[in-house]
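Just below is one structure, and these are the notes that go with it.
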Amino acid sequence: MAHSTLQKLEKLDRRWVFLAMALAVAAPLFFKIGLAPKTTPPVKEFYDYIEALPPGSRVLCSFDYDPGSKAELDPMCISVLEHLMDKGHKPVVITLWSTAPALIERNVNLICRDKYGKQYGTDYVYLGLKEGREAVMVAMGKSIRATFPVDFYGTPVEQIPLMNGVENYEQFQALINVSAGYPGTKEYVQYVTTRFAIPLLSGASAVSVPEYSAYYQSGQLKGLLTGITGAAEYEALLGKPGLALIAMDGQTMGHFVIIAFILFGNIVYFFLRREKARG
Amino acid sequence: MKREIPILITLIFGVFMIVQFFIPHPAVNDIANRLQNWAIIVIAFSYVLGSANILRINGELVYRRGPGWLYKLVLVIAFFMMVIPGMFLGIGEGTWTNDRLFTNTYIPLASTMYASLAFFIASAAFRAFRVRTWQASVLALTAVIVMLGRIPISHMIWHDLPNVVDWVMNVPNAVAQRGILIGAALGAIATGLKVILGIERSYLGRE
Amino acid sequence: MDFFWLSVAGLATIAVLSFLYNDNPLYKVAEHFFVGIAAGYVVCAEFYNVFLPNLWNPLTSGTDYWLVIPLLLGLALFTRFSNNIGWISRWPMSVIIGTYAGLAVIGFASGDMVLQVQASLIPVFEPATVSKFSGDPSVMNFLDILKNPLFTLGLIAVLFYFFFSVEHKGGLKHIAVVGTTLLMIGFGAGYGYTVMTRIALLFDRFYFLFVEWLQVASA
């Protein structure tokens, strides 16, 4: 290959790279393939754990993400709520992210109220946001009522039937955390699961999955939804296809483009280095 | 006053956070609970302080007609567009702040900001992901295997690929992450104790 | 009305994406609007979710007068804006630092240190994996043989690379190489999963633009 061509390729305007990326990820919206992933063990264990809970279990759901991670974690949040509703469990929902309350409220209302027609206060509760991160997690281990004196709508928790007899984590059969980072699954592992003995299931942004794999391997997590692919596997297991499964075509194309760029960049680098060595 | 009291406050709060774990006596728990709830309130104030600081810095620039003041004006207007109706009408479902403003400005802006990183990661893959050394080769190879293994057609590429990726994540990756976790834990414990005992005081500033 | 607001969201998306071509005033407006809205939202969220239920209501109803202390400490944070009395803001800062430092000591020790070490306290070698491999010499059965050695000896190699300040030469170099190799696998996995996140977010934006807003594609 001519030296000048190689140099041009090496200094390729990054906007061409951007364009290729955009086309690859957007194209499947117009030309559908309908790909669906096979179930992996961490997702299956997540699913099985909820399946095995006694009907009517009270489950604490901490949905900790903001609009920046909505695309990846909204499908998990929705699927978790659907699964809990299907099995007749009773979610008590909180969030520790200050820009999350509206996002979470929408999902809770969309699934629990609108789709399943459940009764607020007896079948599900949304306690809203509490700032304080790890301090909130530990404080809930002592008294959830003191930490969340009222729900998101200002109703005192003692007036909410589902919260009757709830003092701390002991009154919950499981803790499900959908986590975009800090505070999230890592902090629940550090400050809650070892101290208060509550089983933790995590739905995590893919960025966090490598780190959380160590917690999953050590048994500190009872199940792990691994990014958008994990969310798609979970949707498939539930038999309720949603945005995660729709995203799989674009996801596949995007991965291929990145791999192609890594290979292409290295091929150019290899030939340039060889030409330089030849002088 | 300027240094001793903050160090004493740090010591009291830090010690009670530790002691409550080892001595689950109601008396200790009550004090620790109270301190924790106070901390939650102070932390919430710190978030408002952050917002106030953004407003102060940008408001000053607008007032002085500093560089880019028109953009800063946009920021200040956006702040009050959210705060004024938000404080009076609330931020829950059915309010203008939530259904219109938050949903149609903040969500798309935040989502797209983070989504844009996909383009830069593609650019970096082309320009910077060079296999120059043994370590770089291992890194690149793992990245490619993981990317291929986590797409729906991975088993068509090689029937064992999804299983191999599971193994990579749950064995060598978990080992590496475990090493990092243990290292970070030792660092965090040491730093935490130094802060509580007043050995590490850099958070107090210079004076 | 709905299409109007949907279009606001669409234009906001395009404004941010326009940065990919080059930095421009439209992007800058979007960026500043984003920061302003975020800062405003945080104030409202804290007001309704923390100040009212955890501070103001119990204080004004007389159920907990002690809360005047965090109220004063919280207000003291704002002395940071003053050159003369800015030092008072160290008191509430100390509350935050002390709380997190104390919690971190226990959290990292019990959650990360003890249980992560415990998970690697396994036999260095599992003979059953070898007999399984000799019966069925598949790739996965071979990888199974490596599992226990990696979790024990491999972890030691990673920790050796981090902690031993002796020069990595001779036999020690080989241990450090094993450690760095495992770390590179971890970082490679991290890169792969980061790509997954970013593409998921990008696809969502295209889904919004083409399916929800412009409706030129269908789900």
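The values are calculated or read from the model by the stated rules, or taken from the named source; none is laboratory data. Bear in mind that the values here come from a model prediction, so they are computed numbers and not experimental data. Cβ placement follows ideal geometry from the backbone for every residue including glycine, while neighbour counts extend to all protein chains displayed.
Some observations on this one:
- Summed over segment B:157-190, residues that are within 18 Å of residue C:154 (Cα to Cα) and either in contact with a strand residue (DSSP E or B) (Cβ under 6 Å, 6 or more places away or on another chain) or not in a helix (DSSP H, G or I) (or both) total 1.
- Put simply, of A:118, A:70 the only residue that is of a type in the set (D, E, K, R) and either at pLDDT below 95 or over 27 Å from residue A:170 (Cβ atoms) (or both) is A:70.
- Test for residue C:177: is it surrounded by fewer than 19 Cβ atoms within 10 Å (Cβ to Cβ), outside any helix (DSSP H, G or I) and either in contact with a His (Cβ under 9 Å, 6 or more places away or on another chain) or of a type in the set (Val, Ile, Thr) (or both): no
- Among (1) part of a loop (DSSP other than H, G, I, E, B); (2) modelled with pLDDT of 90 or more; (3) out of contact with any Pro (no Cβ under 9 Å at 6 or more places or on another chain), the one test that residue C:184 misses: (1)
- Qualifying residue in segment A:252-270 (condition: farther than 25 Å from residue A:23 by Cα, at pLDDT below 95, in a helix (DSSP H, G or I) and touching a Leu at 6+ places or on another chain (Cβ under 6 Å)): no
- Qualifying residue in segment C:180-188 (condition: in contact with a His (Cβ under 9 Å, 6 or more places away or on another chain), of a type in the set (Val, Ile, Thr) and within 7 Å of another protein chain (Cβ to nearest Cβ)): no
- The conditions of being of a type in the set (S, T, N, Q), at negative phi and touching a residue at least 40 places away in the same chain (Cβ under 8 Å) are not met by residue A:5.
- Scanning segment C:102-135 for residues that are of a type in the set (Gly, Ala, Ser), out of contact with any Asp or Glu (no Cβ under 9 Å at 6 or more places or on another chain) and closer than 30 Å to residue B:14 by Cα returns C:102, C:109, C:110, C:119.
- Selected residue (criterion: farthest from residue B:182 (Cα to Cα)) from residues of segment A:194-216 that are within 7 Å of chain C (Cβ to nearest Cβ) and in a helix (DSSP H, G or I): A:206
- Near pairs, Cβ below 6 angstrom, 6+ apart or cross-chain, from segment C:99-120 (more than 7 Å from chain B (Cβ to nearest Cβ)) to any residue that is of a type in the set (Gly, Ala, Ser): C:115/A:218; C:119/A:218
- From B:76, B:42, B:62, B:83, residue being of a type in the set (Val, Ile, Thr) and surrounded by 24 or more Cβ atoms within 10 Å (Cβ to Cβ): B:42
- Matching entry among C:203, C:162 (being closer than 30 Å to residue B:124 by Cβ, within 26 Å of the chain's Cα centre (by Cα) and surrounded by fewer than 21 Cβ atoms within 10 Å (Cβ to Cβ)): C:162
- Taken over segment A:71-99, residues that are farther than 18 Å from residue A:166 by Cβ, crowded, with 24+ Cβ neighbours inside 10 Å and without any contact (Cβ under 8 Å) to a residue 60 or more places away in the chain amount to 1.
- Per-region count, segment A:148-177, residues part of a strand (DSSP E or B) and either acidic (Asp, Glu) or more than 28 Å from the chain's Cα centre (by Cα) (or both): 1
- The residues listed here are A:250, A:227; of these, the one that is within 9 Å of chain C (Cβ to nearest Cβ), buried (at least 22 other Cβ atoms within 10 Å of the Cβ) and at positive phi is A:227.
- Being on the phi > 0 side of the Ramachandran plot, more than 11 Å from every other protein chain (Cβ to nearest Cβ) and not in a strand (DSSP E or B) is a property that holds for residue A:88.
- Pick from segment B:86-99, criterion at the interface with chain C (Cβ under 7 Å from one of its Cβ atoms) and of a type in the set (Gly, Ala, Ser), ranking: surrounded by the most Cβ atoms within 10 Å (Cβ to Cβ): B:86
- Exactly one residue out of C:76, C:15, C:38, C:9 is aliphatic (A, V, I, L, M), within 7 Å of another protein chain (Cβ to nearest Cβ) and without any contact (Cβ under 8 Å) to a residue 24 or more places away in the chain: that is C:38.
- Count of residues meeting criterion [modelled with pLDDT of 95 or more and among the aromatic types (Phe, Trp, Tyr)] in segment B:139-159: 0
- Listed by position, the helices (runs of 4 or more DSSP H) enclosed by segment B:52-137 that each have at least 1 residues that are more than 26 Å from the chain's Cα centre (by Cα) and either within 23 Å of residue A:259 (Cα to Cα) or free of Cβ contacts under 8 Å to residues at least 12 places away in the same chain (or both) are B:69-89, B:117-127.
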